[in-house]
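Sharing a structure with you now.
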Amino acid sequence: MSNRHKLKMKNRKEQTKKLWINSFDDAPEFVDFFFDKIYSEQYNITIEVDNQIVSALQVIPFVLKTGAKILPVAYLYGICTDKNFRNQGMMKQLMNKTHKLLMDRDYAATILIPAEEYLFDIYGKSGYKTVFYKSYIELKSNNFSQNTEIKMVELPQHLQAEAFVFLKSQYLKKETTVLPVEDYFHWLCDSFYLDKKKIFIALQKKKIVGMMFLSENNVVLELLAQSNQIELSMVEFVLQLYDTKSLTCKKAEKKTPYGMIKILKTTAINDNFFDSQNPHLNLMLDE
């Protein structure tokens with residue numbers, strides 16, 4: 001790669017980062033983390049006016065597991081437009097460009113999570129359909145005697161690869177789910193460390209048998225376990241650790257609209273497929 005090309009790529013990255021900062025209220029630490037660790041020029045889709053980036057989004061690869069099918073899908077993130085160019089069709093251009101590019105790269109679908117309620121209608125005009133939902137339940141103490149063979153610890157970095165294998169095995173048990181790729185899982189773990197969120201693992205004979213992702217507000221974002229007893233033991237541990245009587249737990253179930261999908265290849269997924277499904281989508285960067 002020539003020095004001129006490297007300089008151009010650096011300038012594009014800096015312009016995109018500046019647009020991001022002017023568009024969102026993310027903490028500077030997260031913005032730096034995203035552009036240092038996750039940003040990829042290959043997946044930075046932009047619209048330019050007079051050599052200036054005025055609209056951009058980031059593509060993060062995932063896979064969709066539905067039945068026996070494993071299909072590549074793209075998570076669209078950080079979708080933004082310069083305030084001086086809004087209501088001029090820039091977003092429509094950006095989405096059309098993104099969809100064409102991803103179809104050419106053989107992606108089956110794109111997914112996104114609207115940041116505001118009104119955006120569901122906006123993205124609906126680009127062919128997106130709400131198929132992912134979320135709800136919250138309360139987890140209380142069951143006076144369950146913790147299994148002394150189960151050891152709960154915060155996930156250390158050297159066990160991240162093993163933790164990903166466990167998470168993937170649990171997700172694959174679901175009929176329809178969006179699965180992270182391993183790179184994303186490591187970024188997710190790093191973002192949890194950065195935001196002072198917690199990832200607990202349950203170990204039995206040094207093997208991971210459970211995982212819990214806990215927000216900074218002590219909301220359980222995801223709870224995975226090989227058995228109901230392990231799950232109960234994990235909940236009791238956290239209740240005692242934080243000296244509280246209950247925890248709020250997020251579930252990927254119907255109540256509140258959460259995420260949307262646009263089918264790019266109807267030969268891979270039928271447009272009406274999700275009408276009878278309750279697909280699972282969780283642990284995205286919007287948490």
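The values are calculated or read from the model by the stated rules, or taken from the named source; none is laboratory data. No experiment lies behind these values; they were computed from the predicted model shown. Cβ sites come from the backbone with ideal geometry, for glycine too, and all protein chains shown count toward neighbours.
Listed here are the residues, each with its yes/no results for (1) among the acidic types (Asp, Glu); (2) in contact (Cβ under 8 Å) with a residue 60 or more places away in the chain; (3) surrounded by 13 or more Cβ atoms within 10 Å (Cβ to Cβ).
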residue: 90; (1), (2), (3): no, no, yes
residue: 97; (1), (2), (3): no, no, yes
residue: 104; (1), (2), (3): yes, no, no
residue: 109; (1), (2), (3): no, yes, yes
residue: 114; (1), (2), (3): no, yes, yes
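Further question on the same structure: Would a scan of segment 110-121 turn up a residue that is touching an Asp or Glu at 6+ places or on another chain (Cβ under 6 Å) and either under 30 Å from residue 248 (Cα atoms) or at pLDDT below 95 (or both)? Can you show your working first?
To start, the set of residues in segment 110-121 that are touching an Asp or Glu at 6+ places or on another chain (Cβ under 6 Å) comprises 113.
From what's left, either under 30 Å from residue 248 (Cα atoms) or at pLDDT below 95 (or both): 113.
Within segment 110-121 (the criterion being touching an Asp or Glu at 6+ places or on another chain (Cβ under 6 Å) and either under 30 Å from residue 248 (Cα atoms) or at pLDDT below 95 (or both)), the answer is yes, since at least one residue qualifies.
Let me ask another. Take the residues in segment 255-271 that are of a type in the set (Lys, Arg) and touching a Lys or Arg at 6+ places or on another chain (Cβ under 9 Å), then tell me which one is surrounded by the most Cβ atoms within 10 Å (Cβ to Cβ). So that I can check it myself, show each step before the final result.
If we filter segment 255-271 for residues that are of a type in the set (Lys, Arg), which is where we start, we get 255, 262, 265.
Keeping just the survivors that are touching a Lys or Arg at 6+ places or on another chain (Cβ under 9 Å) gives 255, 262.
Details: 255: 10, 262: 22.
So the residue we want is 262.
Select from segment 53-71 the residues that are touching a helix residue (DSSP H, G or I) at 6+ places or on another chain (Cβ under 9 Å) and not aromatic (Phe, Trp, Tyr) and list them in ascending order. Before the answer, list the steps.
Filtering segment 53-71 for residues touching a helix residue (DSSP H, G or I) at 6+ places or on another chain (Cβ under 9 Å) gives 53-62, 65-66.
53, 54, 55, 56, 57, 58, 59, 60, 61, 65, 66, listed by residue number.
Determine whether residue 243 is of a type in the set (Asp, Glu), loosely packed, with under 15 Cβ neighbours inside 10 Å and within 22 Å of residue 135 (Cβ to Cβ).
Details: of a type in the set (Asp, Glu): yes; loosely packed, with under 15 Cβ neighbours inside 10 Å: yes; within 22 Å of residue 135 (Cβ to Cβ): no.
Against the criterion (of a type in the set (Asp, Glu), loosely packed, with under 15 Cβ neighbours inside 10 Å and within 22 Å of residue 135 (Cβ to Cβ)), residue 243 does not qualify.
In the set 65, 69, 125, 140, which member is more than 25 Å from residue 39 (Cβ to Cβ) and surrounded by 18 or more Cβ atoms within 10 Å (Cβ to Cβ)? If you could, list the steps in order and put the result at the bottom.
Values: 69 fails: surrounded by 18 or more Cβ atoms within 10 Å (Cβ to Cβ); 125 fails: surrounded by 18 or more Cβ atoms within 10 Å (Cβ to Cβ); 140 fails: surrounded by 18 or more Cβ atoms within 10 Å (Cβ to Cβ).
One residue alone meets the criteria, 65.
Given the structure, is residue 138 outside any strand (DSSP E or B) and modelled with pLDDT under 95? Spell out the reasoning first.
Values: outside any strand (DSSP E or B): no; modelled with pLDDT under 95: yes.
For residue 138, the condition - outside any strand (DSSP E or B) and modelled with pLDDT under 95 - is not met.
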